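*Asks:* Structure below; questions to follow.
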Amino acid sequence: MIISSPCVVSLMWRLEDAQGQLIDELTQPMEFLLGGEDLLPKVEETLLGQSEGFEANLYLEPEQAFGDYDAELVFFETRDIFPPEVSEGMQFEGPPEGSTTPDLPQDAIYTVTEVYETHVVLDGNHPLAGLALRLALKVCDVRPATEEEVEQGSVADSPFSLMQSAPPDETLH
């Protein structure tokens, strides 16, 4: 089957930063909806018109991956608005309740990067924001998408969004 939108592609990959440091390796095929929310646009563009067995090595600039790093998404909040167990690596969907920082995006995931006695540092950037990436991928299978997959825009949770919650210095799989 030729890859066209929408369809489901089963992929394996190796994701590295521009210096060749491993970020994620998917050694077992995983399904993604092409034409939905599962894959980065540059990845979809590369896959269109290809078929099972296709392999590619992509170099993604930050704007083709997770965007540029935005220093305005790093901010301090008072320690007292967080639960007692707050620790580095914890994440919050949207700014924490009681936030005093104006105009923060409500749909971002904020990661606790530092915890001090009187304040907490939050970062709303994707962990891979600002990084150029190398992606070696292989198409293992292609199938038509189901109506349900097309309707929800995804086969399941996309690893590209799961990367948001990967622990520091660890890969996802």
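The values are calculated or read from the model by the stated rules, or taken from the named source; none is laboratory data. All values derive from a computational prediction rather than experimental measurement. Because the Cβ atoms are built from the backbone with ideal geometry, glycine has one as well, and the counts that use them run over all protein chains shown.
*Asks:* So which of V139, V74, V115, V120 is touching a Ser or Thr at 6+ places or on another chain (Cβ under 9 Å), of a type in the set (A, V, I, L, M) and within 22 Å of K42 (Cβ to Cβ)?
*Replies:* Working: V74 fails: within 22 Å of K42 (Cβ to Cβ); V115 fails: within 22 Å of K42 (Cβ to Cβ); V120 fails: within 22 Å of K42 (Cβ to Cβ).
None of the others qualify; the one that does is V139.
*Asks:* If you go through region 88-120, how many residues are within 16 Å of the chain's Cα centre (by Cα) and either exposed (fewer than 10 other Cβ atoms within 10 Å of the Cβ) or polar (S, T, N, Q) (or both)?
*Replies:* 3
*Asks:* Something else: Sort out for me the strands (runs of 3 or more DSSP E) sitting completely within region 40-147 that have 1 or more residues that are touching a Leu at 6+ places or on another chain (Cβ under 9 Å) and without any contact (Cβ under 8 Å) to a residue 60 or more places away in the chain.
*Replies:* Filter on region 40-147 gives 74-78, 91-93, 109-115, 119-123.
*Asks:* Still on this structure, I have one more. Looking at region 65-80, which of its residues are within 28 Å of R14 (Cβ to Cβ) and buried (at least 17 other Cβ atoms within 10 Å of the Cβ)?
*Replies:* From region 65-80, those within 28 Å of R14 (Cβ to Cβ) are 65-70; that's our starting set.
If the condition is that a residue be within 28 Å of R14 (Cβ to Cβ) and buried (at least 17 other Cβ atoms within 10 Å of the Cβ), then A65, F66 are the ones that fit.
*Asks:* Check whether at least one residue in region 131-140 is assigned by TED's automatic domain parsing to the domain that holds L15, modelled with pLDDT under 95 and surrounded by fewer than 15 Cβ atoms within 10 Å (Cβ to Cβ), and report yes or no.
*Replies:* Looking through region 131-140, none of the residues is assigned by TED's automatic domain parsing to the domain that holds L15, modelled with pLDDT under 95 and surrounded by fewer than 15 Cβ atoms within 10 Å (Cβ to Cβ).
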